[in-house]
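The values are calculated or read from the model by the stated rules, or taken from the named source; none is laboratory data. In this text, all values refer to a predicted model and were calculated from it rather than measured experimentally. We place every Cβ from the backbone using ideal geometry, glycine too, and count neighbours over all the protein chains shown. When the accessible area is computed, the model is the full protein with side chains, heavy atoms only, and any ligands, DNA or RNA have been set aside. Shrake-Rupley method; radii C 1.70, N 1.55, O 1.52, S 1.80 Å.
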Amino acid sequence: MPALKSNNRERAYINKHFVIRVTDTNQNTTTLVGAGKYSALVGEELKIKHFKTVSEGTAQQYTFKLRRGLKINFHSK
């Protein structure tokens, strides 16, 4: 069964071009997260801000550190 196309272009762009790695510094765990689950992790406002920064920039890697102990890396594919 082939994969279904996303109806959200922003989410599809981020998933196509970036790998999102979330590190919890309190528990020393690292997980990979898709763009669809990212808003549940950080909230809608931060999601929009981070996606805008990443999609408009030209760097290979972006790092965002949140006060609650989360370190989020966007790695270009």
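Whenever you get a sec, compute what percent of the accessible area on region 9-76 sits on carbon and sulfur atoms (1.4 Å probe).
On the way: 2160 of 4590 Å².
Summing carbon and sulfur atoms, their accessible area is 47 percent of the total for region 9-76.
How far is helix 44-56 tilted off the main Cα axis of the chain, in degrees rounded to 10, range 0 to 90?
Value to nearest ten degrees: 70.
Can you tell me which of Arg67, Arg21, Arg11 moves the most in a GNM of the chain? Springs connect C-alpha atoms under 10 Å apart.
Answer for the Gaussian network model of the chain: Arg67.
Lysine pairs in the chain 8 or more apart or on different chains: how many have alpha carbons under 14 angstrom apart?
Values: Lys5/Lys16; Lys16/Lys77; Lys37/Lys47; Lys47/Lys65; Lys47/Lys71; Lys49/Lys65.
Lysine pair count for the chain: 6.
Helix-derived [θ] at 222 nm for the chain: sum -39500 (n - 2.57) over DSSP H runs of at least 4, divide by residue count, nearest 500? Display every interim value, and only then the final one.
Details: 3 runs with 30 residues, N = 77.
The helix-only estimate for the chain comes to -11500 deg cm²/dmol at 222 nm.
What is the extension gain from Gln61 to Thr29, computed as 0.36 nm multiplied by their sequence separation minus the C-alpha to C-alpha distance, in nm to one decimal? Each step should come with its number before you reach the end.
On the way: separation 32, 0.36 × 32 = 11.52 nm, distance 1.97 nm.
Result: 9.6 nm gained on full extension.
Report the charge-dipole magnitude of the chain in Debye, nearest 20, computed about the Cα centre from +1 at each Lys and Arg Cβ and -1 at each Asp and Glu Cβ.
Values: 14 positive and 5 negative charges, 10 e Å.
Using only the charged Cβ atoms, the result is roughly 40 debye.
Would you mind telling me which residue in Thr29, Thr53, Thr63 has the biggest mean-square fluctuation in a Gaussian network model of the chain, where springs connect alpha carbons within a distance under 10 angstrom?
Thr29
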